[in-house]
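A quick write-up on the structure given underneath.
The values are calculated or read from the model by the stated rules, or taken from the named source; none is laboratory data. All values reported here derive from a predicted model rather than from experimental measurement. Cβ coordinates were reconstructed from backbone atoms using ideal geometry, including for glycine residues, and neighbour counts include every protein chain displayed.
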Amino acid sequence: MTDFVNPQVPDQAGQAKYFNAFNLIGNIGPITFKKLLDHFNSLDIAWESEINEFRKAGLNQSIVEQIKNKRPKINPDYEMEILKKERINIITIQDESYPKLLKEIYAPPAILYIKGNFSPNDKFSLGIVGTRNPSDYGRQITPIITSELSKSGITIVSGLAKGIDAIAHKTAIDNNGRTIAVLGSGIDSKSIYPVINKYLSEKITENGAVISEFPINTKPLAQNFPQRNRIISGLSLGILVIEASEKSGSMITARNALEQNREVFAIPGDILSNNSLGPNNLIKMGAKLVTKTNDILEELNL
């Protein structure tokens, strides 16, 4: 667990614009944020510091150069006005509203952009992930399991992707349940990905949240999604995999869950289907085989 909280910071709300400003510089991840906070005590002090101080803080030369080149072009107050127009809020790792489960993982995101809101009930969350191209079986089983979980008060966490993710989000909404979408892009209106699920993202914010650690205008680059996947599992008590190939984002999420000491669940599938290779292999390796919703609720003691 990485602890960023510093009780000597008097105005954590006022720090948000500096978290955003440093995030806009690029390549400043959770470990670098921790170095900044450890050395400067607060990010407002860091933002105004001489460039040599960043070297003393332990930042590598390439990041120091980026700060040197990009900092003069960033106005923290102006950037916060842009977020306000987009109805995007910021939660930093110093805030009390930061999800406690997520804070437990290795190198949790230092900043989260959010549309919608977190709820205390989100501590009872389950990640549901799977293929973008589900079979009829996947399209049938996902709503059944998801609707029963939602009715049991479980918050459904997924990645807004086409296929299993979108079905899980939609089913939670249809059952008046909470759902959280974690994106591998910015969450401003121009960056929502995939575009086909933009309307779905708006519905999610009505009783849940759309979140990302990436600043606005971040494109959905391939390297963003493994980072995104660790947040899906980090927010959740466990991960349920429904149809996934052997090498897929869903399997990365399952591995993240194991590393984060979360439960891993899998729906068994047709042994002749490529979509079943992922969950069937997870079951072989010890994941909980799920044939009904109670298999999940009992394992989580809910």
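Assorted remarks:
- Single residue of the range 38-82 satisfying the filter (touching a residue at least 60 places away in the same chain (Cβ under 8 Å) and in contact with a helix residue (DSSP H, G or I) (Cβ under 8 Å, 6 or more places away or on another chain)) that is farthest from Gln227 (Cα to Cα): Asp77
- Flag if Val195 is modelled with pLDDT of 95 or more, assigned by TED's automatic domain parsing to the domain that holds Thr293 and crowded, with 17+ Cβ neighbours inside 10 Å: no
- When the range 175-192 is filtered for residues that are of a type outside the set (Val, Ile, Thr), more than 18 Å from Gly249 (Cβ to Cβ) and either part of a strand (DSSP E or B) or touching a residue at least 60 places away in the same chain (Cβ under 8 Å) (or both), the ones remaining, listed by number, are Gly186, Asp188, Ser189.
- Qualifying residue in the range 277-285 (condition: part of a loop (DSSP other than H, G, I, E, B) and within 21 Å of Ser158 (Cβ to Cβ)): no
- Here Val264 meets the list (1) under 14 Å from the mean Cα position of the chain (by Cα); (2) in a strand (DSSP E or B) almost entirely, failing just condition (1).
Conditions (1) in contact (Cβ under 8 Å) with a residue 24 or more places away in the chain; (2) more than 20 Å from Val182 (Cβ to Cβ); (3) assigned by TED's automatic domain parsing to the domain that holds Ile141, marked per residue:
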residue	(1), (2), (3)
Leu240	yes, no, yes
Ala244	yes, no, yes
Ser248	yes, no, yes
Ala254	yes, no, yes
Leu272	no, yes, yes
Leu277	yes, yes, yes
Leu282	yes, yes, yes
Gly286	no, yes, yes
Asn294	no, yes, yes
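- Selected residue (criterion: nearest to Lys103 (Cα to Cα)) from residues of the range 251-302 that are at pLDDT 95 or above, hydroxyl-bearing (Ser, Thr, Tyr) and out of contact with any Asp or Glu (no Cβ under 6 Å at 6 or more places or on another chain): Thr253
- Checked against (1) free of Cβ contacts under 8 Å to residues at least 12 places away in the same chain; (2) under 30 Å from Gly234 (Cβ atoms); (3) of a type in the set (Ser, Thr, Tyr), Ser97 passes all but a single condition, namely (1).
- The lone exception for Glu213 - which of (1) over 14 Å from the mean Cα position of the chain (by Cα); (2) within 23 Å of Lys85 (Cβ to Cβ) it fails: (1)
- Matching residues, the range 198-227, being assigned to a loop (DSSP other than H, G, I, E, B) and surrounded by 20 or more Cβ atoms within 10 Å (Cβ to Cβ): Glu213, Phe214, Pro215, Ile216, Thr218
- Sole exception among (1) surrounded by 16 or more Cβ atoms within 10 Å (Cβ to Cβ); (2) out of contact with any Lys or Arg (no Cβ under 9 Å at 6 or more places or on another chain); (3) closer than 22 Å to His169 by Cβ for Leu302, by number: (1)
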